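> Before we start, here is the structure in question, set down as structure tokens.
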Amino acid sequence: MANGYQGPQRHEGHTARKRFGQNFLVDKEIIAQIVSSIAPKPGESVVEIGPGLGALTVPLLAACGKLHVVEIDRDLIARLHQTYSSEQVTVHEGDALKFDFSGLPAPLRVVGNLPYNISTPLLFHLADYAERVRDMTFMLQKEVVQRMVAAPGEEAYGRLSVMLQYRYAMAHLFDVPGSAFNPPPKVTSAIVYMRPLPVESLKCIDTELLGQIVMAAFGQRRKTLRNTLRPWLEVDDYTQLGIDPGERGERLSVTDFVRIANYIRTR
Ligand code: SAM
């Protein structure tokens with residue numbers, strides 16, 4: 001995860017690139033802890049996003065024998081080709097934000113120490129492939145993980161919490177200090193585990209509308225639903241829904257947001 005750079009830093013002969021969020025994991029215990037929490041098995045379909053210099057790639061490969069990786073940095077791509085045979089590691093060159101994960105065998109296990117600057121858009125991109133995914137284990141900025149798993153009423157609860165909790169069961173596994181990386185980021189990181197919820201449990205008729213409502217409800221956090229959801233709901237609608245229009249979005253559960261979206265779509 002990238003943050004808090006202090007000028008160019010070299011690691012294993014590679015100059016860490018700020019624009020690609022390159023903070024390489026160096027703490028062997030943390031690496032072992034991450035890989036044992038994933039516990040990959042031979043024959044499983046595993047993709048690592050941003051393998052970098054291979055801190056996670058090597059032990060993942062040792063455990064499951066074969067791996068897909070998606071990497072954007074040309075120097076690192078060249079090193080990956082030199083280090084691993086194409087039978088061991090299939091290198092997909094390019095931007096993970098544009099990568100078509102449907103080309104990889106399902107059920108897919110997704111892993112990555114993600115660059116801080118693309119973590120949120122990448123989580124939204126991956127949500128499009130949730131039906132093909134068995135689970136995802138990521139290193140992210142701790143503050144992002146806290147937002148992902150926050151409950152209604154908590155300060156960190158917001159759009160990211162609602163949109164991801166609608167699709168995934170998630171757990172904040174453990175924190176990782178900056179000292180575990182080279183160069184060390186100033187922020188603390190954390191490991192999050194995400195498992196897509198069964199399709200049958202996804203009750204929202206129109207997830208695009210859900211996204212718009214959630215965005216509006218959290219756009220001005222101090223305002224009540226009466227104000228933020230004015231384009232969609234009038235006083236009578238709140239009576240039908242059994243929701244107080246004087247409430248703020250930050251107090252509504254994921255189920256409430258889904259009920260609102262479905263009500264608007266079907267009334
Ligand atoms: N996995 C390695 C580790 O744990 O030491 C490297 C992690 S480093 C935080 C992020 C990695 O993601 C780098 O290798 C970087 O080049 C790569 N990366 C950055 N942006 C990317 C993108 N848009 N698509 C694919 N890989 C990207």
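Quick note: the coordinates plus some simple rules give every number you see, no bench work behind them. The structure presented is a predicted model; accordingly, all values stated were derived computationally and were not measured. Ideal geometry is used to build each Cβ from the backbone, glycine not excepted, and the neighbour counts take in all protein chains shown.
> Which one is nearest to the chain's Cα centre (by Cα), of the residues in region 41-91 that are of a type in the set (Asp, Glu) and farther than 21 Å from residue 134 by Cα?
71
> Collect the residues in region 233-263 that are among the aromatic types (Phe, Trp, Tyr) and surrounded by fewer than 18 Cβ atoms within 10 Å (Cβ to Cβ), keeping them in residue-number order. Reasoning before the result, please.
Kept after step one, since they are among the aromatic types (Phe, Trp, Tyr), are these residues of region 233-263: 238, 257, 263.
Across region 233-263, the qualifying residue is only 263.
> Also: Here is a check on your reading of the model: is residue 147 more than 16 Å from the ligand (Cβ to nearest atom), in contact (Cβ under 8 Å) with a residue 12 or more places away in the chain and closer than 28 Å to residue 107 by Cα? Show your work before the answer.
Working: more than 16 Å from the ligand (Cβ to nearest atom): yes; in contact (Cβ under 8 Å) with a residue 12 or more places away in the chain: yes; closer than 28 Å to residue 107 by Cα: yes.
The answer is yes for residue 147.
> While we're here: Can you name every residue in region 84-138 that is in contact with a Gly (Cβ under 7 Å, 6 or more places away or on another chain) and either away from the ligand (no atom under 15 Å from the Cβ) or closer than 21 Å to residue 197 by Cα (or both)?
Within region 84-138, 112, 138 meet the criteria.
> Go through region 108-127 residue by residue and tally those that are of a type outside the set (A, V, I, L, M, F, W, C), under 12 Å from the mean Cα position of the chain (by Cα) and more than 21 Å from residue 181 (Cβ to Cβ).
2
> If you don't mind, there's one more thing I want to ask. Give just the number: which of (1) touching a helix residue (DSSP H, G or I) at 6+ places or on another chain (Cβ under 7 Å); (2) not in a strand (DSSP E or B) does residue 137 not satisfy?
Condition not satisfied by residue 137: (2).
> Restrict the check to region 182-198 and report whether at least one residue is more than 20 Å from the chain's Cα centre (by Cα) and assigned to a helix (DSSP H, G or I).
no
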